[in-house]
1. Restricting to DSSP loop positions (anything but H, G, I, E, B) with no more than 10 other Cβ atoms inside 10 Å of their own Cβ, which trypsin sites (Lys or Arg not before Pro) remain in segment 239-303?
2. For segment 140-295, state what percent of all Cα-Cα pairs lands in each successive 10 Å bin, counting from 0 Å until the bin that includes the largest distance.
3. Sort out for me the Cα centre separation of segment 3-30 from segment 309-326, rounded to whole Å.
4. So which DSSP H runs in the chain come out at 15 Å plus along the axis (Cα) with average Kyte-Doolittle of at least 0.0?
5. Return Trp251, Trp179 ranked ascending by Cβ neighbour count within 10 Å, so the fewest neighbours appear first.
6. Could you tell me the convex hull volume per residue, in Å³, taken over the Cα atoms of the chain?
7. Note down the relative contact order for the chain as a percent, whole number, built from C-alpha pairs under 8 angstrom at least six residues apart.
8. Stokes-Einstein diffusion coefficient for segment 159-210 at 10 °C in a medium of 1.306 mPa s, Rh from the Kirkwood formula over Cα pairs: what value in µm²/s?
Amino acid sequence: MKVKIAELQAMVERLISKRLYSKDEAARIAEVLLYAELTGKNTQGVLKLVSANPPQDIKPQYAPKIVRETPLSAVFDAGGAVGMLAAQLATDKLIEIAGRSGFGITTMRNYSSSTGAIGFFARKIARKDLICVIASNSPRSVAHFGGIEPTYGTNPMAFGFPTMDNPIVFDMAASAITWFGLVQAKALNQSIPGDVAIDADGKPTTDPAAAMKGSILPFDRSYKGSGLAMVVELLAGVASGASYVFDEGDWGSTFMAFSPSLLMDLPDFKRRSSDLIAKVKSKKTGSGQAARVPGYDLEFEILERTESGEIDIATEIFEQLRAKDQVTTT
């Protein structure tokens, strides 16, 4: 169904700020969720507000704080806050450090929910003329290649690069389907593809509930995908001081950024990045249409949806969201 963006944003902010978060904090969390909806990554959007362990019910133990800092780095203890809010703080600090020093790295631990679509943060960093790498881990749901038991989280990673106009942002999970892809399919009573997950006995399944009790497969169903999941586990879990290969524990993320000016004049890098896009789009495709560049073309889609003032949301999800919102306003 079509929903007005302004209405959805107000509803989300109201729901989040009801009990545990200030209006400003709610707006920063909502910003990440709305980005996911605007980019079509709706498994990372408002679905999270109507699923188990929703962000609006995650009670912080204390305010996020920096527990280790150098001129080039900062480690955040998120205080048990929702991951999307902690990631906003870690991103802001990273931009400050890298903007001042040319390079920066921040990590965060002790948060207990998804950071949402990490492409949001990569885009934010790249718009500050910085190249960035982001890695985030999560509780076990993905099998190591050849295994049938969950080992890694879905473990997304993102990369951002500035250009002369739109940033190039590549954002992907190390898994064949996200955990919230299973949640969404179950909520909408839908099947999942037959090659993305296995049940508890290691057999392929199209039932999202069976997949939740079994394992998701690596994105390419090979050792390369599980290898990337392991790299994210090392960066986001081990290096941040958070949990790793875990069921119960604190999630972790690592954010790195550097200025292209360490290597060449910034305008030259941005010009070369834009030239790369032009070269990619000049090559023939099977469809006859220009190749799509991750993140770069997404900017046009975001603009189009924003200007229309409306986005598509599954009716079942929106009705659940509205019901929760009505409870908060009565």
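What follows draws every value from the coordinates through simple rules; no lab data is involved. Worth saying up front: this structure is predicted, and the values here are computed from it rather than measured. Using ideal geometry, Cβ is built from the backbone for each residue, glycine included, and neighbour counts are taken over all protein chains shown.
1. On the way: sites: Lys270, Arg271, Arg272, Lys279, Lys281, Lys283, Lys284, Arg292; in loops: Lys283, Lys284, Arg292.
Passing both the DSSP loop test and the Cβ count: Lys283, Lys284.
2. 11, 29, 28, 22, 9, 1
3. 13 Å
4. Numbers: long enough: 5-16 (17 Å, 0.94); 23-38 (21 Å, 0.22); 83-101 (26 Å, 0.44); 266-282 (24 Å, -0.64); 296-308 (19 Å, -0.76); 315-328 (20 Å, -0.73).
Helices meeting the span and hydropathy rule in the chain are 5-16, 23-38, 83-101.
5. Details: Trp251 27, Trp179 21.
Placing the least packed residue first, the sequence is Trp179, Trp251.
6. On the way: hull volume 46.8 nm³, N = 330.
Looking at the chain, the number lands at 142 Å³ per residue.
7. Working: 728 pairs, mean separation 67.0, N = 330.
Across the chain, relative contact order equals 20 percent.
8. On the way: Rh = 13.0 Å.
So the translational diffusion coefficient is about 122 µm²/s.
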